[in-house]
Amino acid sequence: MMKKAIMLIMLLGTALLFNACELDDGQNFRFTTLAIVDAKLPESFELNETYSIEVTYVRPDACTFFEGFDIARTAQTDRDVVVIGSVLTDETACAQVIEEVTASFDFVVLFSGEYHFRFFSGRDENDNSQFLEFTVPVIE
C-alpha cells in the first residue's frame with residue numbers, strides 16, 4: 001500500500017511539473033522568397049567538378065534574414081534556384097533599408113551537355129514568377 005501511495009505522489013508531482021511549463025508555440029517568423037538580382041556562373045563547366053555559384057539577392061528590410069537556397073531539379077540538367085529568407089513577424093519597427101547581399105552555393109556537375117539555370121527574380125504585376133536565366137555548357 002505504501003509503494004502505491006509513493007508512486008501516486010510521484011506521478012502526480014510529475015504531472016504538475018509538466019503542466020506548469022507553458023511553451024509558446026506561436027511562431028514569430030515566416031519564410032519568404034527573396035528576389036535574385038544577379039548570379040555569377042562560369043562560361044563553361046567541366047564534368048565531375050564542383051563550382052561555387054555566387055548569387056546576389058535583395059534584403060528588403062532589417063527584419064529579413066537569409067536562410068539558404070532552394071534548388072529544384074526540374075529536368076536532368078535544369079535547375080530552379082530560389083533564395084529563402086525568414087521575416088520576423090513580432091517586430092514593430094523594421095528599418096526599411098534595401099540592400100543587395102551576396103551568398104553562394106556549391107554545385108557539382110554530374111551530367112554532360114548543357115545546364116540551364118533559372119534564378120527567381122521576383123513577381124510581375126500579374127503575380128507571375130520572373131527568372132534570370134543562364135545556360136552553361138559542359139566540357140568533357
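The values are calculated or read from the model by the stated rules, or taken from the named source; none is laboratory data. Owing to the predicted nature of the structure, the values given are computational and were not obtained by experimental measurement. Positions of Cβ are generated from backbone atoms using ideal geometry, with glycine treated the same way; all protein chains shown enter the neighbour counts. Heavy atoms of the whole protein, side chains included, go into the accessibility calculation; ligands, DNA and RNA do not. Shrake-Rupley method; radii C 1.70, N 1.55, O 1.52, S 1.80 Å.
General remarks:
- Surface share of carbon and sulfur [accessible, 1.4 angstrom probe, percent] for segment 81-128: 46 percent
- Mean Cβ neighbour count within 10 Å, used as a protection proxy, ranking 33-45, 65-77 highest first: 33-45, 65-77
- The relative contact order of segment 94-140, computed from alpha carbon pairs under 8 Å that lie at least 6 residues apart in sequence, is 35 percent.
- Net charge in the neighbourhood of Pro137 (other residues with Cβ under 12 Å of its Cβ; Lys, Arg +1, Asp, Glu -1) is -4.
- Relative contact order %, segment 34-138, counting alpha carbon pairs below 8 Å whose residues are six or more apart: 35 percent
- 20 Å tail of the calculated P(r), segment 75-140, as % of Cα pairs: 50 percent
- Under 14 Å, Cβ to Cβ, from Phe111 - net charge with Lys/Arg +1 and Asp/Glu -1: -3
- Formal net charge of residues neighbouring Ser121 (Cβ-Cβ distance under 12 Å; K, R +1; D, E -1): -2
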